[in-house]
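Please treat every number below as a calculation from the coordinates, not as lab data. These numbers come from a predicted model, not from an experiment. Cβ coordinates were reconstructed from backbone atoms using ideal geometry, including for glycine residues, and neighbour counts include every protein chain displayed.
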Amino acid sequence: MKRLTPEARDRQIRLAEKQMCRIKKKNLLRRKGAKLKQNYIEIKAPDTFTISSADKRQHLLHFLSKLREAVILRKRSVRIDLRGTQKMFADGTLLFYAELCRINRLEDRVKVRCLPPRSRKIAQVLKQVGIFDLLGYWKKIETTHVDVIHWRSAKGHEVVGEKFDEVLGHYDGQITEVLSKNLYLGFTEAMTNCHHHAYIGVRQDGLNVADEPKEWWMFSQERNGLLTVVFCDLGIGIPGTLPIKQPTLWQRIQHFGSKLDAHAIQEAIGESRTRTGLHHRGKGLKQLVDVIAQVEGGQVNIFSNRGCFTLKSGSESIAQFKDNIYGTLIHWQVPIRGVAND
């Protein structure tokens, strides 16, 4: 056997030391991972975030229910596994954002962290709208995707007209005066209804939390001349407010049975069209529905608890789902030059 030169022997020693360091590091990471797994409950996120498709909605709402239960009821830290998430629509993503904000407010001593998505686009979405901040994920991510860079987020717990500028101020000169005025009225009325009605009772999500702040959350985007705004609260929903605020109307719609929540939304909007005076649940929705009905290419979806009301191309429709979002979410789209300035 050929004798090693001193240089070759030293090189082998260095290689062995490096190999040993790699093994030690790998074992340390494995132990840390095992310890982290013991301390955290791992909850797998759905592959699609949306509430407009029945099966995808079911998966999302089941995920949110597990998240609330683990953090608020069981006081356990959670690691959300986002690696399999492939699509995030504005409605489901806003609901997730709102739930995370509420969970962090209700239980700030328990950590909610994440395993980041494999999809670069999904990672950019989570960064752009602030969800990664809520999950304590601080890795630098540059948002460059055309479907992502225009999204903006806002939140509050008061009726603040200035918030309108956070959404639409950037588009001054592009939105006609008539459309801008009506959207402003609809926007502030939606906040007013949230403030006066959404939180008049306990949200029926199993947490039994009373006296919550009157919070709302919002996403907005303008792309290719189409303005999208999504607004939500986590209150008791339109079907929850009607028995308290409008008992006569509620009695009238009891016979709708299986589509009770959907008809409650539709009837609340219809009732508000015939009334004036004090604020009541539905007035802000009526303002939005009426202005969007006048805009060619405009569309609005109003989700509340298990129901959904849709206005598209001037036609109204309703749908009823099995699963409850425990709140109200309004999703509207309008071409920003869609109304002539009369």
- Message: Sorting check: for 294-300, 226-232, which peptide has the highest mean count of neighbouring beta carbons within 10 Å, and how do the rest follow?
- Response: 226-232, 294-300
- Item | Bins of 5 Å from zero: percent of alpha-carbon pairs in segment 10-140 | 2, 10, 17, 20, 16, 11, 7, 5, 4, 3, 2, 1, 0, 0
- Item | Cα centroid separation - segment 60-91 against segment 107-152, whole Å | 14
- Message: How charged is the neighbourhood of Ala16? Take every other residue with its Cβ under 14 Å from the Cβ of Ala16, and add Lys/Arg as +1 and Asp/Glu as -1.
- Response: +4
- Note on the structure: Karplus ³J(HN,Hα) for segment 127-133 (6.51 cos²θ - 1.76 cosθ + 1.60, θ = phi - 60°; Hz, whole; x = Gly/Pro) runs 6, 4, 8, x, 6, 4, 4
- Task: Estimate the FRET efficiency between Asp81 and Val209 by the formula 1/(1 + (r/R0)^6), using the beta-carbon distance for r and 25 Å for R0, to the nearest 0.05.
- Result: 0.40
- For Asp81, other-chain or 5+-apart residues with amide H closer than 5 Å (H placed, Pro excluded) are Ile43, Lys44, Ala45, Leu115
- Task: Beta carbons within 10 angstrom, averaged per residue: use that to sort the peptides 308-320, 61-73, highest first.
- Result: 61-73, 308-320
- Query: Applying 1/(1 + (r/R0)^6) with R0 = 22 Å to the Cβ-Cβ distance of Leu115 and Lys66, what FRET efficiency is obtained, to the nearest 0.05?
  - Reply: 0.90
- Task: Output the peptides 116-124, 93-101 sorted from most to least packed, where packing is the average of other Cβ atoms within 10 Å over each peptide's residues.
- Result: 93-101, 116-124
- Pull out the extension gain between Glu7 and Ser315, defined as 0.36 nm times the separation in residues minus the alpha carbon to alpha carbon distance; nm, one decimal. 102.5 nm
